[in-house]
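Colleague: Please see the structure below; I have some questions.
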């Protein structure tokens, strides 16, 4: 059985969900856009067709990607110790599952 996850013991990455959204644009393409949420605690993507997405963190430290139009959410398959490029690629790979 796994020990419970405590957000007090997680490593703090040197980037925000907004930084992740901006980095994901490299893989999503030039018809996508990114905006910060309040205090950059979330990152917002706009797809080529106008579909809005949110990148954020659960209290457990897991990152999620949500299709704000449909309300569907998936956890990103990353760890808090992953680098920005790895997480940006995960956003690119996950976004297609939320259409």
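The values are calculated or read from the model by the stated rules, or taken from the named source; none is laboratory data. This structure is a prediction, so every number in the text was calculated from the model and none was measured. As a convention, Cβ positions derive from the backbone with ideal geometry for all residues, glycine included, and neighbour counts pool all protein chains shown.
Colleague: What are the pairs, 6+ residues apart or on separate chains, where a residue within the stretch 37-52 that is in contact (Cβ under 8 Å) with a residue 40 or more places away in the chain has its Cβ under 6 Å from a residue that is surrounded by 16 or more Cβ atoms within 10 Å (Cβ to Cβ) and in a strand (DSSP E or B)?
Modeller: Partner pairs satisfying both residue conditions: 45/34; 45/53.
Colleague: Of the numbered conditions (1) out of contact with any helix residue (DSSP H, G or I) (no Cβ under 6 Å at 6 or more places or on another chain); (2) without any contact (Cβ under 8 Å) to a residue 60 or more places away in the chain; (3) in a loop (DSSP other than H, G, I, E, B), residue 78 satisfies every one except a single condition; which is it?
Modeller: (1)
Colleague: Can you work out which of the residues in the stretch 8-37 that are part of a helix (DSSP H, G or I) and at pLDDT below 95 is surrounded by the most Cβ atoms within 10 Å (Cβ to Cβ)?
Modeller: The qualifying residue surrounded by the most Cβ atoms within 10 Å (Cβ to Cβ) is 9.
Colleague: Here is a further query. Could you list, in sequence order, all residues of the stretch 53-73 that are more than 13 Å from residue 18 (Cα to Cα) and surrounded by 14 or more Cβ atoms within 10 Å (Cβ to Cβ)?
Modeller: Passing the criteria: 61, 62, 66, 67, 68, 69, 73.
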